[in-house]
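**Q** Quick one: this structure, given as structure tokens, is what I'll be asking you about.
The values are calculated or read from the model by the stated rules, or taken from the named source; none is laboratory data. Quick caveat, the model's predicted, so the values are computed rather than measured. Cβ sites come from the backbone with ideal geometry, for glycine too, and all protein chains shown count toward neighbours. Surface accessibility is based on the protein's heavy atoms, side chains included, excluding ligands, DNA and RNA. Shrake-Rupley method; radii C 1.70, N 1.55, O 1.52, S 1.80 Å.
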Amino acid sequence: MFVVTLRCEHSCPYCQVSRQSTDRSLFDMTEETAQRALAITLQSPSSRIKIEFQGGEPLLNFPLIQKIVEAAKREAPAKGKEVEFVIASNLALLTDDILSFCKANGVSLSTSLDGPPDLHNRNRPRPGGNSHELAAKASRRLGQPWGLIASAR
């Protein structure tokens, strides 16, 4: 598990992460830390490794996710490793560019809903009050039913 940021644009009262939204240099994983974490991960005795990106909201540090995926795909075969990737996200920040990268690199997306719009929006407040709408829209774009890991492949 790679926690690439503690920042989040939601402020869910039950979140286990101490939400941070200010200075990204203080709350985002650095490239150096990511490289060290990947090197340790690729030392696993397992031939199959799944890297899950979490946060905060990991899509807020998507450039680092891209770098980790690219490095892992480059380095894993030489170590006899097969690597899978998943991003645990609220999906509010999903863009066409992010989706294209995920599809091209076999990165899965995972999300969840707290229930119908009124409950979800109350539990997952964000500017605009449209958390459920954004998650539902992104899920439809992925073409997956609710509550399942949605693969961008």
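**Q** Does any residue of the stretch 87-97 turn out to be at pLDDT below 90, β-branched (Val, Ile, Thr) and either at positive phi or in a loop (DSSP other than H, G, I, E, B) (or both)?
**A** Scanning the stretch 87-97, I find no residue that is at pLDDT below 90, β-branched (Val, Ile, Thr) and either at positive phi or in a loop (DSSP other than H, G, I, E, B) (or both), so the answer is no.
Each row is one residue, and each column tells you yes or no for (1) within 23 Å of residue 138 (Cβ to Cβ); (2) exposed (fewer than 12 other Cβ atoms within 10 Å of the Cβ).
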site	(1), (2)
14	yes, yes
31	no, no
40	no, yes
45	no, yes
49	no, no
71	no, no
93	yes, no
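**Q** Among all residue pairs at least 6 apart or on different chains, which show Cβ distances below 6 Å where the first residue, located in the stretch 120-137, is without any contact (Cβ under 8 Å) to a residue 12 or more places away in the chain and over 15 Å from residue 89 (Cβ atoms) and the second is assigned to a loop (DSSP other than H, G, I, E, B) and not aliphatic (A, V, I, L, M)?
**A** If the second residue must be assigned to a loop (DSSP other than H, G, I, E, B) and not aliphatic (A, V, I, L, M), the pairs left are 121/129.
**Q** Please work out which residue is farthest from residue 49 (Cα to Cα), limiting yourself to the stretch 107-153 and to residues that are at pLDDT 80 or above and of a type in the set (Lys, Arg).
**A** 122
**Q** State whether one or more residues within the stretch 64-73 are in contact with a Ser or Thr (Cβ under 9 Å, 6 or more places away or on another chain) and under 26 Å from residue 131 (Cα atoms).
**A** Yes: the stretch 64-73 contains one or more residues that are in contact with a Ser or Thr (Cβ under 9 Å, 6 or more places away or on another chain) and under 26 Å from residue 131 (Cα atoms).
**Q** Identify the single condition in (1) closer than 19 Å to residue 29 by Cβ; (2) outside any helix (DSSP H, G or I); (3) of a type in the set (S, T, N, Q); (4) touching a strand residue (DSSP E or B) at 6+ places or on another chain (Cβ under 8 Å) that residue 108 does not satisfy, given that it satisfies every other one.
**A** Every condition holds for residue 108 apart from (1).
**Q** Six or more apart or on different chains, Cβ atoms under 7 Å: show the pairs whose first residue is in the stretch 40-52 and modelled with pLDDT of 95 or more and whose second is assigned to a loop (DSSP other than H, G, I, E, B).
**A** 42/76; 42/81; 47/80; 47/81; 49/81; 52/1
**Q** Return the total of residues in the stretch 73-84 being open to solvent by less than 10 Å² (accessible area, probe 1.4 Å) and either in contact with a helix residue (DSSP H, G or I) (Cβ under 6 Å, 6 or more places away or on another chain) or of a type in the set (Lys, Arg) (or both).
**A** Here the count works out to 0.
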